[in-house]
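Nothing in this text is a laboratory measurement; each read-out follows from the coordinates by a stated rule. In this text, all values refer to a predicted model and were calculated from it rather than measured experimentally. All Cβ positions, glycine included, derive from the backbone under ideal geometry; neighbour counts span all protein chains shown.
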Amino acid sequence: MTTTTETHGVDPDPTPLALLLLGRQADPNSERGVECPGDLPAASDPGLVERARTAKAALGNRVFILGHHYQRDEVIEFADVTGDSFKLARDAAARPEAEYIVFCGVHFMAESADILTTDAQQVVLPDLAAGCSMADMATAEQVAECWDVLTEAGIADATVPVSYMNSSADIKAFTGKHGGTICTSSNAKRALEWAFEQGEKVLFLPDQHLGRNTAVLEMGFSLDDCVLYNPHKPNGGLTAEQLRNAKMILWRGHCSVHGRFSLDSVNEVRERIPGVTVLVHPECKHEVVTAADMVGSTEYIIKALDAAEPGSKWAIGTELNLVRRLAKAHPDKEIVFLDRTVCFCSTMNRIDLPHLVWALESLVEGRVPNVITVDPETEKYAKAALDRMLALP
Ligand code: 13P
Ligand code: SF4
């Protein structure tokens, strides 16, 4: 992330990104996978747009390109559908005729697409280093250890796991195996309502903020009903009594992008732009969401701005690619980025036109690059958890 001195927070021109070299320096021990093989054309190649068009046209209905709202403009241009993580999961499942699903998003989304698509379909992630730091904050070993701690405290039987979509397939499988559901930022309340019909407590993974914000601001729980389980401390840093008294056991994970917004950013923008409406994503800290006027998923943010009055003023607390696109799409409204510092998601940004062109041209040549495959055992349980989410009322 870099900083901008531009007054309204939305940088009119793309800021050069301090990204890792293409396909290099991935952490092999994390969810992010391995190096991207093959030679990649340079980002500045003006022929790339034409090459992407040609390759996409050659593939026709054999390929379906999904683009998350945080993707770069140059990538979104080639997406057959765009959406938040819930919509993209549903869209991936609804395209059984496409041989290849090219997922322009991050690793956990591509895994979910693989789980929800048929065995005949292959899911391609154009850069394997497009991971998610939040998903990396809960590993299968840590979560299994946590369940042992809950079992020792005598509460595992009364606890239902609810895992945010932003988690690895292993964590989704753990969730399915223990009778829980997946949620996204657009259905977290419904998922929690369902979970509290099944049990007395919820173990919410891995985003503490989405869990706390939903439980306290939408479900009527108090902050005292929530405890924070720290996987880096013995017994999560909690006593058995604290665990027994809690309704919401929140995993100590967060989004490094949304974690940057602070109460100061909200106060500062209100002072700077009188009459501004502050709209933030629920991955923001509790104090930020509490101080904001509105909260919702990326899809919700887009709809709110579509419905907004001309001349209205908005400060948006979510990833910058989306905020910048919204500002361009609504020149009749004043739309600024909530914070004064640039806030791209660096892993979402790893998918760029060179990677997309490389993936599409590889498919045209009969090679299927960067296939994301979840093993059958993991898939079985992860699918159970995802299906529960898709069946939520
Ligand atoms: P949604 O697309 O569900 O709003 O989530 C945002 C996000 O951080 C995805 O990584
Ligand atoms: Fe992960 Fe945050 Fe990036 Fe979403 S915005 S992919 S939660 S790091």
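For the reader, a short list of remarks on this structure follows.
- Shape call, region 135-255: gyration tensor on alpha carbons, a/c limit 1.5: rounded
- Within the chain, the longest segment free of exposed loop sites, counting trypsin sites (Lys or Arg not before Pro) that fall outside DSSP classes H, G, I, E and B and have at most 15 other Cβ atoms within 10 Å, spans 25-366.
- Separation of region 262-325 from region 170-238 is 24 Å, based on Cα centroids.
- Estimated D of the chain in µm² per second, where Rh is the Kirkwood radius over Cα pairs and Stokes-Einstein applies at 37 °C, 0.692 mPa s: 152
- Computed over the chain, relative contact order equals 24 percent, with contacts defined as Cα pairs under 8 Å that lie 6+ residues apart.
- On a per residue basis, the convex hull of the C-alpha atoms belonging to region 258-337 measures out at 76 Å³.
- Spacing of the two label points (7 Å from each Cα toward its C-beta) at GLU271 and THR118, in nm: 6.0
- Think of it as helices only: each DSSP H run of n ≥ 4 in the chain is worth -39500 (n - 2.57), and spread over all residues that comes to -11000 deg cm²/dmol at 222 nm.
- Greater than 21 Å apart at Cα, pairs in LYS201/LYS380; LYS189/LYS285; LYS177/LYS201; LYS303/LYS333; LYS233/LYS380; LYS233/LYS383: LYS201/LYS380; LYS233/LYS380; LYS233/LYS383
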